[in-house]
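First the structure, in the form of structure tokens, and then the observations on it.
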Protein chains: 2
Amino acid sequence: MAEEGVKLLGFWASPYALRVHWALKLKGVEYEYLEEDLMSGKKSSLLLQSNPIYKKIPVLVHNGNPVAESLVILEYIDETWKQNPLFPEDPYERAQLRFWAKFADEKCFPAVIKTFSSEGEELEKNVKEAREYLKILDGAVGDRKDNQIDFLDVALAVVGHWANITGEIIGMKLVDEEETPSLVTLFEDVLEAAPFLKECTPEKSRIPVELAGGAGDKVRPADGAGDMSRQPRVDAVSVEDVAASREQPEILLAVVELVQTHGAF
Amino acid sequence: MAEEGVKLLGFWASPYALRVHWALKLKGVEYEYLEEDLMSGKKSSLLLQSNPIYKKIPVLVHNGNPVAESLVILEYIDETWKQNPLFPEDPYERAQLRFWAKFADEKCFPAVIKTFSSEGEELEKNVKEAREYLKILDGAVGDRKDNQIDFLDVALAVVGHWANITGEIIGMKLVDEEETPSLVTLFEDVLEAAPFLKECTPEKSRIPVELAGGAGDKVRPADGAGDMSRQPRVDAVSVEDVAASREQPEILLAVVELVQTHGAF
């Protein structure tokens, strides 16, 4: 017997889970959000059952049927709920969106993540590489004419966003107005065009400041990263969780490790 | 002005290009095949223009519009030519096919390729890992009920095929009847169900024997791998090329390097 309804298994800081949140919200699909406690290493039995291969979030469970891998989930959502299509109709345009999303996941995200755990000359080399990939991606993002929020916005906004956050943590810019003008604003542009997405979007300031709060000299938040006047919007993480994380300098490294070990978590 | 027609830029030994050959043949689409001389390192200007990001084959150029990345190309082909669909209609089934194709490309192919360049204990460890991934994939292949040749057949038949060939080259089996019964026969099953695909499919025996012909002790073709009575079916590679390859022991290593460096070539 198939279980009814739509469930999303995620983790509040995961850029990949955020893609799914956004896609569901854009479609107007009601869903139950289930936060995985990845920090503790205890994964829910639903996650282990739903994604036995990777044991990673995000997983979308629809009428008891699990779908894993964020880009696969986006395609599933678009094919299941036809309203507000994420893809244009033209096969060539669709292919381009898929190509760039794949490029982002295979080249840009790994390059951004690599900068986390390096220092000195290696860090500079990694930053250069990440910036090169992000510049290429930026060209693709900027070239689009359509103003509607599409698959690429949903898939890529988190790339520029994470690159921005990562830049604040490592103290070197990965995106900027000059070289990556589209990526640097895409996240905010989407939120401005669809303000209801903010409901499921963690505060930009939360990730570097709350998670990296105690990480000492390795963490140098850039100006403005510490805007604490905005409150977290993800209910699944309590104020207690956030407060506790400040006293745990290892949490930033744990997040980096989570990303490195689990890829899409 | 868009250029007319369908062109496929490939390389005869590429499993990724073979996917595109098969998809076009299954759809009954007429196309011009352009062999890239990857061995020489001289890529055509059409390839460099068509896939400036990766500079890799396969690329499908349709009416002057280039599409790169083999799985993206398969989706494009299925959306452009509706006959003989590669995907079922049900979004959940479609998601499963996409999930497994991604798994094959991200886990299985790299694991198979890794066995090429290792020896001794490392080789045994790599073989064990590859076999584990292939066993998981085999479960997904075997679980399907549909007899029609679909996206997964087109995408995955080459995985078992390459695993088989690689096993012959390294002298250790990566697929076998006991642990991977579906993968070990999938390639031949597809060719039996659609014999016209043979027109664009290189001989199984060609890859280990012709390419590895001079590679000396590193190459230990298993019994039956040296069946030379069958002739190559790919016109783009001349008899001269094949003959020449026998005198070039470095060609096998060049192919491995091509795969490692270029991924999908």
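What follows is calculated from the coordinates using simple rules that are stated; it is not laboratory data. Model, not experiment: these values are computed from the prediction. Here Cβ is always computed from backbone atoms with ideal geometry, including for glycine, and neighbour counts include all displayed protein chains.
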When a/c is below 1.5 the answer is rounded, else prolate if a/b is larger than b/c, else oblate, so apply that to segment B:1-109 with a ≥ b ≥ c taken from the square roots of the Cα gyration tensor eigenvalues. oblate
What is the average number of partner chain Cβ atoms found within 10 Å of a Cβ in A:73-83? 3
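Length gain on complete extension for the stretch A:Val29 to A:Glu178, per 0.36 nm per residue less the alpha carbon to alpha carbon distance? Don't skip to the answer; put the middle values down first.
Values: separation 149, 0.36 × 149 = 53.64 nm, distance 3.74 nm.
That pair, A:Val29 and A:Glu178, stretches by 49.9 nm at full extension.
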How much net charge surrounds B:Gln49 when only the other residues with a Cβ under 11 Å from the Cβ of B:Gln49 are counted, with Lys and Arg +1 and Asp and Glu -1? +2
Distance in nm between pseudo-label sites at B:Glu93 and B:Ser40 (7 Å out along the Cβ direction from Cα): 4.6 nm
Distances in nm between the label point of A:Asp90 (7 Å along Cα→Cβ) and its equivalents in the other copies, shortest first, are 3.4
Among segment B:11-39, those whose backbone N falls under 15 Å of a label point 7 Å along Cα→Cβ from B:Asn63 are none
Which FRET efficiency value, to the nearest 0.05, do you get for A:Asn84 and B:Glu119 by plugging their Cβ-Cβ distance into 1/(1 + (r/R0)^6) with R0 = 45 Å? 0.25
Gain upon complete extension [A:Gln49, A:Asp143; 0.36 nm per residue less C-alpha separation]: 29.7 nm
Name the long-range amide H neighbours of A:Tyr33: under 5 Å, sequence gap of 5 or more, or other chain; modelled H, no Pro or chain starts. A:Leu8
